Amino acid sequence: MRAAALSVSLVLALLTLGTAIAQDSAAQDRQVMVAGRPAPVLHGVWRSRGYGYVLRVGAGGIELFHVAGLFCYPDPRPARDPDHLFVLYRELNSGTVAFSGLPGQTRYVFDRLTELPAACSERVPYRALWPPARVAALVAATFADLYPSFAERGIDWAARTAEMQRTLDSVTDDDQLFEALRALLAGVEDAHVELHARIAGKERTLLPGQARTLALAGAAPGSDRNAAREEQWDNAYRRGVLEVVLKGRGRAGANGQVFWGRAGEIGYLNLLTFEGFAADPRSPADDPAALDAALDAAIAAFRGARAVIVDISANDGGFDWLAQRVAGRFADRPRLAYTKIAIGAQGAEPQPFKVAPSNRARYLGPVYLITSDITLSAAEVFALYMRALPNVIHIGETTRGAFSDTINKPLPNGWTLVLPGEIYRDPQGQSYEARGLPPQRRFEVFPPDDLRNGHARRVLVLMEDIRRELAAR
């Protein structure tokens, strides 16, 4: 899941129109920036519940700090709001506000402080303040404060941190720091954890939590060689959809990220992502215009279909609010899909998220949702939205288990850490973080003996199963 990147004008339009993405009254939201300056009511110092943020707001703008344990440091990025979190605000009560990037989306609850924490005001030269050993300790503290799934992964983080502390005296350069962090994060097989470093002019990354299917196919991200195989796998998947499933009569739209068509009485919609639908690279990654147009055409093609397959078996996520927007094309009325709350958000209420009917064309007949272990992040959130609908049956394989929004933590040494920090729960109170969302009906999507081309063959099998079910009604 990613923070919204929409233009201010589109945010204002969404506020004005009160679109279906809003979970509650948009009238409660106000613009953070007024005439190029933060609203006076926000002036002061604020600390987030969860997420590890401190804000200092004044007439000159917003200063963002990152806090973890006893550490605090200013965000080194040049942008005022680099992750688009502080576009809107609402006052919750005296001394508490909630910021958000879009109406109805994730609210970041902050409490007013009397002054900036002392740790945020250290005057030692910045680079000298952060030798490799101290950066390692900062990463350990950040995970201790924010990471949601140690228990599910069987990791005793306190013991692991203590073990690392005993070796910190030997961590004196960037190579040693990278290896220390690799050891620290061993076993954290989480697709929302990333470490990006630059050492001696070369990029180095840690990208744990890869899909088993992609790993077996040699297509998991992480190297130039794997990138070539990933492209081959992706091309084979797309060919299978257009040439085998849709017999050359399918259509593609939204920058080649959405496929649709008919196979007799069954409609088929494949969503490869929940971002990057605009062909113009200057457009925000979550610009919905091309997606809306593709879905209008797809729903028109499904008119009269007795059932529709929605396939997100190769969808690795994007923006939750776009997932919510697509799910509204299959909704009859508003329904609770899930709640979420940040780790460490003491006293905060879980925030509810609903799927609501789109004000554009919809399909309300039987829907079969396909997932796999590749299905990730916003695609898993889409599955939660769809499972809230009575006309949807979730089939396929268990998803990856990475629902939480990612939190970007640019480190003081110029590296970047990414990690999750939230828990999502379905209406029954179940969390699927780390373990993945199991289907209601198991169905093999990627046969082990044909990982590259077997998907299309399995969709044809599913279509035959659906036809038998329809004939039996």
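The values are calculated or read from the model by the stated rules, or taken from the named source; none is laboratory data. These figures come from a predicted structure and were not determined experimentally. A quick note on method: Cβ atoms are made from the backbone with ideal geometry, for glycine too, and the neighbour counts reach across all protein chains shown.
Name the helices (runs of 4 or more DSSP H) wholly inside the range 58-173 in which the number of residues that are in contact (Cβ under 8 Å) with a residue 60 or more places away in the chain is 2 or more.
Helices (runs of 4 or more DSSP H) meeting the threshold: 126-129, 132-146.
This table checks each residue for (1) assigned to a loop (DSSP other than H, G, I, E, B); (2) under 16 Å from residue 314 (Cα atoms); (3) touching a Leu at 6+ places or on another chain (Cβ under 9 Å); (4) modelled with pLDDT of 95 or more.
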| site | (1), (2), (3), (4) |
| --- | --- |
| 190 | yes, no, yes, yes |
| 220 | yes, yes, yes, no |
| 233 | no, yes, yes, no |
| 247 | yes, no, no, yes |
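Just to verify a result, which residue in the range 445-473, among those that are more than 25 Å from the chain's Cα centre (by Cα) and in a loop (DSSP other than H, G, I, E, B), is surrounded by the fewest Cβ atoms within 10 Å (Cβ to Cβ)?
473
Of the residues that sit in the range 199-218 and are farther than 22 Å from residue 415 by Cβ and not in a helix (DSSP H, G or I), which one is modelled with the highest pLDDT?
211
Having 2 or more residues that are within 28 Å of residue 267 (Cα to Cα) and either in the same structural domain as residue 233 (by TED's automatic domain parsing) or within 16 Å of the chain's Cα centre (by Cα) (or both) is the bar; report the strands (runs of 3 or more DSSP E) wholly within the range 350-432 that clear it.
Counting at least 2 such residues, we get 351-355, 367-371, 392-396.
Within the range 85-100, how many residues turn out to be within 25 Å of the chain's Cα centre (by Cα) and modelled with pLDDT under 95?
Of all residues in the range 85-100, those within 25 Å of the chain's Cα centre (by Cα) come to 85-90, 97-100.
Imposing the further condition that a residue be modelled with pLDDT under 95 reduces the set to none.
Qualifying residue count, the range 85-100: 0.
Which residue, of 341, 312, is under 27 Å from residue 209 (Cβ atoms), buried (at least 24 other Cβ atoms within 10 Å of the Cβ) and within 19 Å of the chain's Cα centre (by Cα)? Outline the logic, then answer.
Working: 341 fails: buried (at least 24 other Cβ atoms within 10 Å of the Cβ).
The match here is 312.
Run residue 196 past the list (1) surrounded by fewer than 17 Cβ atoms within 10 Å (Cβ to Cβ); (2) assigned to a helix (DSSP H, G or I) and report the number of the one that doesn't hold.
(2)
Considering (1) closer than 23 Å to residue 383 by Cβ; (2) without any contact (Cβ under 8 Å) to a residue 40 or more places away in the chain, say which one residue 472 fails and leave the rest.
(1)
Of all the residues that make up the range 16-57, how many are surrounded by fewer than 16 Cβ atoms within 10 Å (Cβ to Cβ), at pLDDT 95 or above and not in a strand (DSSP E or B)?
Residues flagged as surrounded by fewer than 16 Cβ atoms within 10 Å (Cβ to Cβ), at pLDDT 95 or above and not in a strand (DSSP E or B) within the range 16-57 amount to 4.
Quick check on my filter: what residues within the range 295-305 are surrounded by fewer than 17 Cβ atoms within 10 Å (Cβ to Cβ) and either over 13 Å from residue 258 (Cα atoms) or among the hydroxyl-bearing types (Ser, Thr, Tyr) (or both)?
Listed by number, the residues that qualify are 300, 303, 304.
Consider residue 412 against the criteria (1) at pLDDT 95 or above; (2) touching a helix residue (DSSP H, G or I) at 6+ places or on another chain (Cβ under 8 Å); (3) not aromatic (Phe, Trp, Tyr): it satisfies all of them except one. Which criterion is unmet?
Residue 412 satisfies all of (1) at pLDDT 95 or above; (2) touching a helix residue (DSSP H, G or I) at 6+ places or on another chain (Cβ under 8 Å); (3) not aromatic (Phe, Trp, Tyr) except (1).
Determine if the range 296-312 includes at least one residue that is closer than 30 Å to residue 146 by Cα and of a type outside the set (D, E, K, R).
Yes, the conditions are met somewhere in the range 296-312.
Within the range 432-457, work out how many residues are among the basic types (Lys, Arg) and farther than 20 Å from residue 376 by Cα.
The number of residues fulfilling the criteria is 1.
Please give the number of the condition residue 466 fails out of (1) touching a Gly at 6+ places or on another chain (Cβ under 9 Å); (2) under 27 Å from residue 329 (Cα atoms).
Result: residue 466 passes all but (1).
Do you know which of the residues in the range 63-107 that are surrounded by fewer than 20 Cβ atoms within 10 Å (Cβ to Cβ) and polar (S, T, N, Q) is nearest to residue 285 (Cα to Cα)?
96
Hey, does the range 273-282 have a residue that's at pLDDT 95 or above, closer than 22 Å to residue 466 by Cα and crowded, with 18+ Cβ neighbours inside 10 Å?
no
Pick out the one residue from 292, 320, 332, 287 that is touching a residue at least 12 places away in the same chain (Cβ under 8 Å), surrounded by 24 or more Cβ atoms within 10 Å (Cβ to Cβ) and more than 20 Å from residue 245 (Cβ to Cβ).
None of the others qualify; the one that does is 320.
Would you check if there is a residue in the range 301-312 being out of contact with any Phe, Trp or Tyr (no Cβ under 9 Å at 6 or more places or on another chain), within 21 Å of residue 367 (Cα to Cα) and not hydrophobic (A, V, I, L, M, F, W, C)?
Taking every residue of the range 301-312 in turn, at least one turns out to be out of contact with any Phe, Trp or Tyr (no Cβ under 9 Å at 6 or more places or on another chain), within 21 Å of residue 367 (Cα to Cα) and not hydrophobic (A, V, I, L, M, F, W, C).
What single numbered condition from (1) touching a Ser or Thr at 6+ places or on another chain (Cβ under 9 Å); (2) among the acidic types (Asp, Glu); (3) not in a loop (DSSP other than H, G, I, E, B) fails to hold for residue 287?
Against the list (1) touching a Ser or Thr at 6+ places or on another chain (Cβ under 9 Å); (2) among the acidic types (Asp, Glu); (3) not in a loop (DSSP other than H, G, I, E, B), residue 287 comes up short only on (3).
Conditions (1) surrounded by 15 or more Cβ atoms within 10 Å (Cβ to Cβ); (2) at pLDDT 95 or above, marked per residue:
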| residue | (1), (2) |
| --- | --- |
| 118 | no, no |
| 124 | no, no |
| 127 | no, no |
| 147 | yes, yes |
| 159 | no, yes |
| 166 | no, no |
| 180 | yes, yes |
| 187 | no, no |
